[in-house]
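What follows draws every value from the coordinates through simple rules; no lab data is involved. Only a predicted model underlies this, so the values are computations on that prediction, with no experimental measurement involved. FYI the Cβ positions are ideal-geometry reconstructions off the backbone, even for glycines, and counts take in every protein chain you see.
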Amino acid sequence: MGPARRTTAKAAPARSLSRSEIKTEQLFRSNAGFASDPALADQYDAISVRYFNGALPSVRVRWEERLDEIGPLIAEGFRLEGVTNGRVILLHPALEDDAQQLRRVLCHEVAHVALSDRSDGHGPRFQTLLRRLGSEGAFEGLVATDEEKADLRALLERRTQEMDRESSRLRAAWSELDAADAARVEEYNSHVGRLQDAAADFNRLVARYNLMISYPDGLDEERLAHRATPLSTK
């Protein structure tokens, strides 16, 4: 029997970076030598103190308008609002006008920073940390499955059609209303009151839906093309 052969396992071939990843790395490099935006740094430090006992690593937090160049490389019409490599956090300047969304995006990137040495992308550890931050009030958002979001949106679309039909009917009734007919006026006002109650309930559901879709859980590239948009209240 001849000597045993020594075998060496072949290393898996390195994955090629996508165009969006290449561009993102370029942005990290170009921002590496600059200081944080002071206001963003204050928010980051406040999150670290309140929700991580001050244990978050020191990172630079900066506005970066060139994130606009990356979003379309990921999915058509997509705007990348934030990204981090664990040393720099880059945020889209459009967030400056939306304090709640800025907070959500910043908390998303903070979760990546906190898990930088053991992250599984947007997997279980990331989701557990993000849920803790949400439950402790670090940002406003509501955890929901894709199915729950789709069901609620479908309900809202049905409610919109129903209220639009009722509004049209009431406008027609108003044009024929005789102010001297007290019974018909009372009936009309009753219908208006029910429509107002329906609109108030609709607005509560819209607020719930918008919190669902704004929850900063992170999306894989296959879901980005179908990302939901916020709804307006009545």
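Structure values in brief
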quantity: Rounded to whole Hz, the Karplus (6.51, -1.76, 1.60) HN-Hα couplings of the stretch 123-136, x for glycine and proline; calculated: x, x, 5, 4, 5, 4, 5, 5, 5, 4, 4, x, 5, 8
quantity: Residues with amide H under 5 Å from that of VAL61, placed H, sequence gap 5 or more; calculated: SER36, ASP37, ILE89
quantity: Percentage relative contact order, the chain, counting C-alpha pairs under 8 Å, at least six apart; calculated: 17
quantity: Mean ellipticity per residue at 222 nm, deg cm²/dmol - from DSSP H runs of n ≥ 4 across the chain, formula -39500 (n - 2.57); calculated: -18000 deg cm²/dmol
quantity: Loop trypsin sites (Lys or Arg not before Pro), the stretch 109-196, which have at most 13 other Cβ atoms in a 10 Å radius of their Cβ (DSSP); calculated: ARG118
quantity: Exposure rule at most 13 other beta-carbon atoms within 10 Å, DSSP loop GluC sites (Glu not before Pro): the chain longest free segment; calculated: 1-75
quantity: Max mean-square fluctuation residue, GNM over the chain, Cα-Cα springs under 10 Å, options ASN203, ASN53, ASN85; calculated: ASN53
quantity: Computed over the stretch 19-135: relative contact order in percent, which uses C-alpha pairs under 8 Å that are six or more apart; calculated: 21
